[in-house]
Every structure is written in C-alpha cells, then in structure tokens.
1. Given the options S114, S55, name the one that is within 23 Å of S43 (Cα to Cα), polar (S, T, N, Q) and not in a loop (DSSP other than H, G, I, E, B).
2. Of (1) touching a Cys at 6+ places or on another chain (Cβ under 6 Å); (2) of a type outside the set (V, I, T); (3) under 14 Å from L150 (Cα atoms), K82 satisfies all except one. Which?
3. Report, by residue number, each residue of segment 87-110 that is under 15 Å from the mean Cα position of the chain (by Cα) and part of a helix (DSSP H, G or I).
4. Select from segment 95-129 the residues that are surrounded by 15 or more Cβ atoms within 10 Å (Cβ to Cβ) and of a type in the set (S, T, N, Q) and write down the one among them that is farthest from L51 (Cα to Cα).
5. Go through segment 60-92 and give me each residue that's surrounded by 17 or more Cβ atoms within 10 Å (Cβ to Cβ) and over 16 Å from L135 (Cα atoms).
6. Touching a residue at least 24 places away in the same chain (Cβ under 8 Å), over 22 Å from N89 (Cβ atoms) and within 14 Å of the chain's Cα centre (by Cα): does that describe L138?
7. What is the one condition in (1) within 18 Å of N33 (Cα to Cα); (2) part of a loop (DSSP other than H, G, I, E, B) that I141 does not satisfy?
8. Could you please give the count of residues in segment 139-153 that are in contact with a helix residue (DSSP H, G or I) (Cβ under 7 Å, 6 or more places away or on another chain) and either of a type in the set (F, W, Y) or surrounded by 15 or more Cβ atoms within 10 Å (Cβ to Cβ) (or both)?
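Every read-out reported here was derived from the displayed coordinates using simple, explicitly stated rules and does not represent laboratory data. These numbers were taken from a predicted model, which means no experiment stands behind them. Virtual Cβ from ideal backbone geometry, glycine too; neighbours counted across all protein chains shown.
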Amino acid sequence: MVPYSRSRRRSSVSFVGGRPPSLNLDPYRRPSNMNVKFKFKGSLIAGVPLLEAQSRHIRLSGNDDYTLQDLHADNRRCLLLKVKWVNFNSVTYEIPLDHYERRVSLATLARRVSRACVHYLQSNMVPVPLERIELHHLEEIAYGTWQPMLCVR
C-alpha cells in the first residue's frame, strides 16, 4: 500500500534570500530598539502632557540616562524628529540636543519635542484638544530619525 502524498502548495508570494529586505541600506548603522521614555520623577506610568512638557521646571525620571551616541545625533548634535498623525502628512523637524559631559538633558529634549508636536498639531488643525495629548516615548525609525509616540487621554 502506497501512502497518499499531496504536493505542497506553492505561494504566489515568496521570499527568496537570506535576510528580509529592510528600509535601512547600511547594515552597520541599524536603528536601535531603544525607546526614550518620558515620565515624571517618581511616577510609575510613562507619559507627559504636551503642554506640561513645555514648561522649564519639569522633573523627569532618568533625566541624564542618554548620551549623544545613544540618540545617534549627527555632527551638529541634532536629531531628526518625524511627527505624524493619522490622515495627515508627516513633517520632519530638526531638534538640537543640549548636553553636559556628553549626557543629554531629557527635560530639554522633552520640551523641544513637545514644541515640535504642538506646532505640527496646530498647523494641521488636528481636532483634538492639546490638553488631552501626552508625549509617551520616542522610537527610532531610522538611524538618527525618531518618531514621537503620542497618546490621547
């Protein structure tokens, strides 16, 4: 008795090659999987309201945990911030980084990122009140290019 064997179905879409294609062309300069979280000092939950992040007297947890190399800053000590909202075009801002002994001030970074986000939201007339939007964290989408993750309360 010969066992019944079916031929394997072939997919019309297949992947050929050892590595999946990536958007990053340089394999030695991959974006990190690090997130820069914004949370108040002593708080257990991440997220800072955009309007509060713009004040000069904000106290954030881990204020000097990141270096210029961690954030993949360019030669001018700047990073690119790509702000995007659903159904709106994205805009890329250049954010200068303040540092002290190669450590980046997280409070200053949060203030500048929130200013860019507020500018983007106001210029596109996004129909959500600014008081309800929180800056949660930054994700690196390409080497030296970061995207803010915003959430609505």
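1. On the way: S55 fails: not in a loop (DSSP other than H, G, I, E, B).
None of the others qualify; the one that does is S114.
2. Only one criterion in (1) touching a Cys at 6+ places or on another chain (Cβ under 6 Å); (2) of a type outside the set (V, I, T); (3) under 14 Å from L150 (Cα atoms) is unmet by K82, namely (1).
3. L106, L109, A110
4. Among residues in segment 95-129 that are surrounded by 15 or more Cβ atoms within 10 Å (Cβ to Cβ) and of a type in the set (S, T, N, Q), the one farthest from L51 (Cα to Cα) is S105.
5. Passing the criteria: Y66, L71, H72, A73, L79, L80.
6. Details: touching a residue at least 24 places away in the same chain (Cβ under 8 Å): yes; over 22 Å from N89 (Cβ atoms): no; within 14 Å of the chain's Cα centre (by Cα): yes.
No, not satisfied.
7. (2)
8. The total comes to 2.
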